[in-house]
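Below is one structure, written out as structure tokens; comments come after it.
The values are calculated or read from the model by the stated rules, or taken from the named source; none is laboratory data. The shown structure was predicted, so the numbers you read here are calculated from the model rather than taken from an experiment. Cβ atoms come from the backbone with ideal geometry, glycine included; neighbour counts cover every protein chain shown.
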């Protein structure tokens with residue numbers, strides 16, 4: 001039997017699920033573009049089983065449209081998967097250059113386990129304040145749902161990401177609910193400053209924490225504890241270049257207190273799902 005890291009169930013708010021061929025293309029891209037060897041090259045049913053065996057009760061997954069013309073088929077796959085797996089929740093795919101993209105988005109937002117949409121600005125190569133996205137933001141706000149937005153400069157950045165662009169978005173839509181992956185790295189302190197002003201902003205831990213001998217982030221235990229109500233756990237599984245539990249071990253090594261671990265790994269995520 002697999003050891004579980006906590007005595008309570010885990011909610012993982014950052015899992016990737018794709019059809020098999022897209023998974024394979026992503027793993028190949030990581031190798032070619034970043035020299036990253038993905039450790040867990042397993043497909044959707046195996047991903048779900050792997051996480052459940054390790055105490056993950058609810059899985060929040062996402063996928064993204066890397067180009068126009070991909071989102072519709074990907075979202076049809078998402079809806080089929082949600083029907084098969086009642087403990088799954090999804091940030092659906094979106095691309096502003098697709099025909100009928102807002103009609104499709106409005107239909108998806110009516111699904112009770114579609115939490116909103118994933119925007120992967122690094123890959124999709126548009127700014128968060130791109131005017132083509134404004135109808136999507138308005139629809140998400142109206143539905144009371146969220147955006148999962150890769151908008152930080154880490155672990156890899158380009159001209160479309162960073163705190164400056166994100167501030168422009170929030171200045172226009174301060175009520176927008178956004179989950180920022182990777183704790184906003186590599187600008188974590190600047191992203192954390194946003195929490196006082198924007199109550200809809202949360203962070204996830206994916207790919208942000210390493211054991212002390214490899215620690216690269218600029219966040220202190222006090223930072224984490226003081227913002228523990230606005231952080232959810234995310235694994236980035238299966239697209240990892242390290243062991244699944246490495247970040248869990250790194251966070252436990254920081255001795256952040258039982259309340260922190262229960263909130264980040266379970267209660268905060270449950271609050272967002274409810």
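Tabulated data for the structure shown
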quantity	calculated
Among the residues listed as 77, 36, the single one being surrounded by 15 or more Cβ atoms within 10 Å (Cβ to Cβ) and in a loop (DSSP other than H, G, I, E, B)	36
Residue within the stretch 127-139 that is within 30 Å of residue 210 (Cα to Cα), crowded, with 21+ Cβ neighbours inside 10 Å and under 18 Å from the mean Cα position of the chain (by Cα) present	yes
Filter result for residue 255 (in a loop (DSSP other than H, G, I, E, B) and either within 18 Å of the chain's Cα centre (by Cα) or more than 19 Å from residue 200 (Cα to Cα) (or both))	yes
Residue within the stretch 91-102 that is in a strand (DSSP E or B), modelled with pLDDT of 95 or more and farther than 22 Å from residue 157 by Cβ present	yes
Matching residues, the stretch 166-179, being free of Cβ contacts under 8 Å to residues at least 40 places away in the same chain and touching a helix residue (DSSP H, G or I) at 6+ places or on another chain (Cβ under 9 Å)	166, 167, 170, 173, 175, 176, 178
Qualifying residue in the stretch 95-103 (condition: touching a strand residue (DSSP E or B) at 6+ places or on another chain (Cβ under 8 Å) and touching a residue at least 24 places away in the same chain (Cβ under 8 Å))	no
One residue from 184, 116 being surrounded by 19 or more Cβ atoms within 10 Å (Cβ to Cβ) and closer than 17 Å to residue 103 by Cα	116
Residue in the stretch 180-188 that is touching a residue at least 60 places away in the same chain (Cβ under 8 Å), closer than 23 Å to residue 74 by Cβ and not in a helix (DSSP H, G or I) present	no
Residue satisfying condition, being over 17 Å from the mean Cα position of the chain (by Cα), closer than 21 Å to residue 91 by Cα and buried (at least 16 other Cβ atoms within 10 Å of the Cβ), within set 160, 260, 203	160
Only one of 223, 243 that is assigned to a helix (DSSP H, G or I) and surrounded by fewer than 18 Cβ atoms within 10 Å (Cβ to Cβ)	223
One residue from 269, 234 being in contact with a strand residue (DSSP E or B) (Cβ under 6 Å, 6 or more places away or on another chain), at negative phi, assigned to a loop (DSSP other than H, G, I, E, B) and touching a residue at least 40 places away in the same chain (Cβ under 8 Å)	234
